[in-house]
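Below: the structure, in structure tokens.
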Amino acid sequence: MALAFDEFGRPFIILREQEKKTRLRGLDAQKANIAAGKAVARILRTSLGPKGMDKMLQSPDGDVTITNDGATILEQMDVDNQIAKLMVELSRSQDYEIGDGTTGVVVMAGALLEQAEKLLERGIHPIRVAEGYEMASRVAFDHLERISQKFEFNADNIEPLVQTCMTTLSSKIVHRCKRALAEIAVKAVLAVADLGRKDVNLDLIKVEGKVGGKLEDTELIYGIVVDKDMSHPQMPKRIEDAKIAILTCPFEPPKPKTKHKVDIDTVEKFQTLREQEQKYFDEMVQKCKDVGATLVICQWGFDDEANHLLMHRNLPAVRWVGGVELELIAIATGGRIVPRFQELSPEKLGKAGLVREKSFGTTKDRMLYIEQCANSRAVTIFIRGGNKMMIEETKRSLHDALCVARNLIRNNSIVYGGGSAEISCSIAVETAADRHPGVEQYAIRSFADALDAVPLALAENSGLPPIDTLTVVKAQQVKDSNPHCGIDCNDVGTNDMKEQNVFETLIGKQQQILLATQVVKMILKIDDVISPSEY
């Protein structure tokens, strides 16, 4: 740290405990920050695209996560450096806003930082670089708008949506049954979508997983799946035209709130107490029967006596159902959640065409399926897979696909994938650079070079010679002025992404460019880093 001296030449201290702090300033600070950002981007670079690799992360308590999703990798990585944390935030905001493209946005930011480093070494001021990047990102943003295409679909013709979801799923571990999963995702989104308002509430789609079976057994249930079974083994396993009472009150005698004790000194008194309790239970069960309920779903438990009585009165019941599930069941069946027995009435019951209990394999695992509901606005995607990690990863992949379908319903413009949009933007930004006099044009050209990082990484991960492939595709785009040429990752034999049906959502791509540029501008503007040094 720089020491300050007063007029008598005595040193005095400005920062507290300054001998314990390290400080980087000027170009050193920027280089250190850029190095940190590049390091994070390099990790994710190999998991971009359909041939991208997966990462295996072990948490401190030994849980293993295997994933290809950029946001998940960075969340689990437990990053310590401040600038690297910015990259994690970047990927998370892409995940929250768009749900897809979390890897690409970090790769993009890393490439921008790499280009910025070269400019800083030439002596260009970081603010000028940031301004050039801002101009370039605006050019790229508008260019994407121009090359995008509207995608017409309706409830009968869902093929366009399925194709786009398949592009998302093709880079995940589940790509061998991407067709089936994409169809499931699209049908689930259309089931809960409000096409008039162009809005989708993803909370109504419940994703459940159960180990066992194979990925192809994954199914979409127009209803709710609850991981519970009937409270008594002899209750009927299948109820048709069920009328469901949804209770949040416990099925047991009321417990006085005060501290007291009951003294029982004779057998008669014990008998009366027992009869009283029995009568109380009888009334409870009878109340449910009177209203016309044929199934009771209870948030709390009930003891064996209640269970036995319910069994005798042929009133099937399910206990210990979680709050979120209760709400979903209420939405799906059109019932009301009843907090007290006194308030039960026929109009508060939910209706379902079929409630069945299904057991899996040789295990004792059973689940309740509530299907053919009055209001089919709540659906469940039920995933099967060989092991827990596979199911978790399938859940994440499906979340991406659901988000893509939702984004397309909100805004049905698409651009073509396989790096074609980036290459096309790169050409547009390169031509725009000539219109800017001054130092910014260097930054704008660098932005164009950085855009090529995504197709380069795609080619590299697919085992193609990266630079040759990119130059061929770029030349082809310029020659035919066709913005649909991209990297042929799957070796289909054509570079035209329109023929390969590789699509990306327009808002996803635009968001990537904007977010990456914002973060890079922020990192470039830091010129002094004061941090507590490690002792």
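The values are calculated or read from the model by the stated rules, or taken from the named source; none is laboratory data. Since we're looking at a predicted model, the values are computed, not measured. Glycine also receives a Cβ, built like all others from the backbone with ideal geometry; neighbour counts cover every protein chain displayed. Just the protein is used for accessible areas: all its heavy atoms, side chains included, with ligands, DNA and RNA removed. Shrake-Rupley method; radii C 1.70, N 1.55, O 1.52, S 1.80 Å.
Against the numbered list (1) open to solvent by less than 10 Å² (accessible area, probe 1.4 Å); (2) without any contact (Cβ under 8 Å) to a residue 12 or more places away in the chain; (3) not charged (D, E, K, R), residue 201 comes up short only at (1).
Inspection of segment 374-388 identifies at least one residue that is open to solvent by 70 Å² or more (accessible area, probe 1.4 Å), farther than 24 Å from residue 201 by Cβ and not aliphatic (A, V, I, L, M). With a requirement of 2 or more residues that are touching a Phe, Trp or Tyr at 6+ places or on another chain (Cβ under 8 Å) and surrounded by 15 or more Cβ atoms within 10 Å (Cβ to Cβ), the helices (runs of 4 or more DSSP H) lying completely within segment 44-158 that satisfy it span 102-121, 126-147.
What is the number of the single condition among (1) outside any loop (DSSP other than H, G, I, E, B); (2) open to solvent by 70 Å² or more (accessible area, probe 1.4 Å) that residue 208 does not meet? Among (1) outside any loop (DSSP other than H, G, I, E, B); (2) open to solvent by 70 Å² or more (accessible area, probe 1.4 Å), residue 208 violates only (2). Looking only at segment 214-229, residues that are open to solvent by 50 Å² or more (accessible area, probe 1.4 Å) and part of a loop (DSSP other than H, G, I, E, B) come to 5 in all.
Answer yes or no: is there a residue in segment 179-196 that is part of a loop (DSSP other than H, G, I, E, B), modelled with pLDDT under 85 and not assigned by the TED database to the domain that holds residue 302. Taking every residue of segment 179-196 in turn, at least one turns out to be part of a loop (DSSP other than H, G, I, E, B), modelled with pLDDT under 85 and not assigned by the TED database to the domain that holds residue 302. Looking at residue 312, is it touching a residue at least 40 places away in the same chain (Cβ under 8 Å), open to solvent by 70 Å² or more (accessible area, probe 1.4 Å) and either assigned by the TED database to the domain that holds residue 344 or within 18 Å of residue 351 (Cα to Cα) (or both)? In short, no. Restricting the search to helices (runs of 4 or more DSSP H) fully inside segment 418-521 and requiring at least 3 residues that are open to solvent by 20 Å² or more (accessible area, probe 1.4 Å) and of a type in the set (A, V, I, L, M) gives 466-480. Counting the residues of segment 25-43 that are open to solvent by less than 30 Å² (accessible area, probe 1.4 Å) and within 21 Å of the chain's Cα centre (by Cα) gives 2.
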